[in-house]
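Handing you a structure now.
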Amino acid sequence: MSPKRRYDSNADRQAAYRLRQASIRQAERAEKGLPSLPPIASLPGHTRWRTAIRYALALLRLVRDEMVAYFDARSEVWQESDRGMAHQEQIDTLEELLSTLDEIAS
C-alpha cells in the first residue's frame with residue numbers, strides 16, 4: 001500500500017516548501033536584528049525608495065550601536081590611542097550619515 005499523499009499536487013508541495021523556506025529566512029533575519037525584506041518592486045518609485053532608505057537606516061543604526069558598544073568596552077588607554085581616535089572618527093562620520101539619511105527618509 002502506498003503512503004497517503006500529503007499534498008494534492010506537486011504545485012501544492014512546492015508552494016508549501018517555498019513558504020517554509022521564506023519563514024526560516026525571516027526568522028534568521030529577525031534573530032540577527034535585521035529588518036524584514038523590502039516590499040515588492042511594483043510599488044511606486046518614491047515609496048519604494050523611501051522604504052529602502054529606512055531599511056538602510058535601520059541597518060546603519062545597528063552598525064553604529066555595535067561600534068559604540070565596542071568602543072565603550074575598550075580601556076581608556078585604547079580609547080585615547082590612535083586606533084581609538086580613528087574608531088571614534090568613524091562613529092562620528094556614521095552619525096553624520098545617519099542624520100543626512102534621516103532627513104531624506106522623512
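The values are calculated or read from the model by the stated rules, or taken from the named source; none is laboratory data. None of the values given here were measured: they were computed from a predicted structure. Neighbour counts run over all protein chains shown; Cβ positions are idealised from the backbone, glycine included. The accessibility values were calculated without ligands, DNA or RNA, using every heavy atom of the protein model including side chains. Shrake-Rupley method; radii C 1.70, N 1.55, O 1.52, S 1.80 Å.
When Lys and Arg each count +1 and Asp and Glu each count -1, what net charge do the other residues less than 11 Å away from residue 105, Cβ to Cβ, add up to?
Residues close to residue 105 contribute a combined charge of 0.
Same structure again: Return the carbon/sulfur percentage of the accessible area of the chain, one whole number, probe 1.4 Å, all protein chains in place.
55 percent
Using a 1.4 angstrom probe, figure out how much accessible area the chain has per residue, in square angstrom, rounded to the nearest whole. Present the calculation step by step, with values, prior to reporting the outcome.
On the way: 8610 Å² over 106 residues.
Accessible area per residue, the chain: 81 Å².
Helix 10-31 versus the longest principal axis of the chain: what angle, 0 to 90°, nearest 10, using Cα atoms?
Approximately 20 degrees, to the nearest 10.
Related question: Give the Rg (one decimal place) followed by the Dmax (whole number) of the chain, computed from C-alpha coordinates and expressed in Å.
When restricted to the Cα atoms of the chain, Rg and Dmax are 22.0, 76 Å.
Would you mind finding the longest exposed-site-free stretch of the chain, with exposed trypsin sites (Lys or Arg not before Pro) meaning DSSP loop and at most 12 other Cβ atoms within 10 Å?
33-106
As a test of understanding, state the convex hull volume per residue of the range 42-86 from its alpha carbons, in Å³.
Cα convex hull per residue, to the nearest whole number: 66 Å³.
What does the net charge come to around residue 96 if you take all other residues with beta carbon closer than 14 Å to its beta carbon, with K and R at +1 and D and E at -1? Mind dumping the intermediate values first?
Working: positive: 61, 64; negative: 89, 92, 95, 102, 103.
That sum, taken over residues with Cβ under 14 Å, equals -3.
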